[in-house]
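Below you'll find the structure, written out as structure tokens, and then a few comments.
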């Protein structure tokens, strides 16, 4: 493997991720996720563990974002991580962000972290997501039945 190139397994997972995202088919996400998956939100201090939590968050954010587009990507030297730069709008507020994905040795996503700027875009995102996820605290804490 060359430096700054994802492993073959991670490349397959990433290609499947893009297809799932395009269709907003997060119910198909589980085969891409490690059993140790953790999601780190730009608006929550505590990470969200588990497949049910990441499915819920990603399904919801995919309905909140408008005009979402990935622009560039950066791969770590070890071939196990990628940063995907994106732009979107939420409630008329433009934002830029990055999705940082870390893959395990089998190419499964084990960490998914999101960072967003500027503050006005982050605040709009937090307000919309908070309103839609307010009744899902147990799932976000990893206390739900996987499904």
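For region 24-75, how many residues meet the condition of being at negative phi and part of a loop (DSSP other than H, G, I, E, B)?
Residues that pass the stated criteria total 10.
Please go through (1) touching a residue at least 60 places away in the same chain (Cβ under 8 Å); (2) surrounded by 14 or more Cβ atoms within 10 Å (Cβ to Cβ); (3) in a helix (DSSP H, G or I) for residue 130 and return the number of the only condition it doesn't satisfy.
In the conditions (1) touching a residue at least 60 places away in the same chain (Cβ under 8 Å); (2) surrounded by 14 or more Cβ atoms within 10 Å (Cβ to Cβ); (3) in a helix (DSSP H, G or I), residue 130 misses (2) alone.
Which ones in region 43-69 are surrounded by 13 or more Cβ atoms within 10 Å (Cβ to Cβ) and in contact with a strand residue (DSSP E or B) (Cβ under 7 Å, 6 or more places away or on another chain)?
47, 48, 49, 50, 51, 53, 54, 57, 64, 65, 68, listed by residue number.
Looking at residue 22, is it at pLDDT 90 or above and more than 25 Å from residue 124 (Cβ to Cβ)?
No.
For region 1-11, which positions are outside any loop (DSSP other than H, G, I, E, B) and either in contact with a helix residue (DSSP H, G or I) (Cβ under 9 Å, 6 or more places away or on another chain) or loosely packed, with under 12 Cβ neighbours inside 10 Å (or both)?
Once the filter is applied, which keeps residues that are outside any loop (DSSP other than H, G, I, E, B) and either in contact with a helix residue (DSSP H, G or I) (Cβ under 9 Å, 6 or more places away or on another chain) or loosely packed, with under 12 Cβ neighbours inside 10 Å (or both), region 1-11 yields only 8.
The values are calculated or read from the model by the stated rules, or taken from the named source; none is laboratory data. These numbers were taken from a predicted model, which means no experiment stands behind them. Positions of Cβ are backbone-derived with ideal geometry, glycine not excepted, and every protein chain shown enters the neighbour counts.
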